[in-house]
Amino acid sequence: MNKMKRVAVLAGVASAVGTLLAAPASAAQEGDPFVCRTGNICVWQDGDFNGGMQQFDQLVVLNYYGQFYDNGEHINDTVSSIFNRSSHRINFYWNAGAHLGDLCVRVDPGTSIGNLGSYGCDNTLSSHYSADL
């Protein structure tokens, strides 16, 4: 095999290996709620666990204002799906401050919601608080 053909074959193999290695990482991000680490409360910008994501290890976040997804977008009033991987029941609220009258949904440990619109709170959440504290 001449030098030019060997270079072309090696470039093709490197490209194929790069594609195989890159595919699982992106597939695991989009639409996979289990990228949320055990013990965390995770929120996604889009439905079905897509778009920007943020993992909170705090059981209480009284204001999503000033909080950002991993894509740099603001979290406040933009959450569309959630996963509670903590061992506590977590209340999600429409407004900052976690006031009882502003409760949108309570999520049990290990429970996820891919479409907050079905609860009437798509793109409206501003805080969360453990129901067990």
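Just so you know, all these numbers are worked out from the coordinates, no wet-lab data involved. Treat the numbers as computed from the prediction; the structure is a model and nothing was measured. Every residue, glycine as well, gets a Cβ built from its backbone with ideal geometry; the counts of neighbours run over all protein chains shown.
Net charge within 14 Å of D48 by Cβ-Cβ distance, Lys/Arg positive one each and Asp/Glu negative one each, not counting D48 itself?
-4
Remark: the range 33-130 projects, on average over all directions, an area of 5.0 nm² (convex hull of Cα atoms). Taking other residues whose beta carbon is less than 12 angstrom from the beta carbon of F83, and scoring Lys, Arg as +1 and Asp, Glu as -1, yields -1. The distance between label points at L133 and D108 comes to 2.3 nm (points 7 Å beyond Cα on the Cα→Cβ vector).
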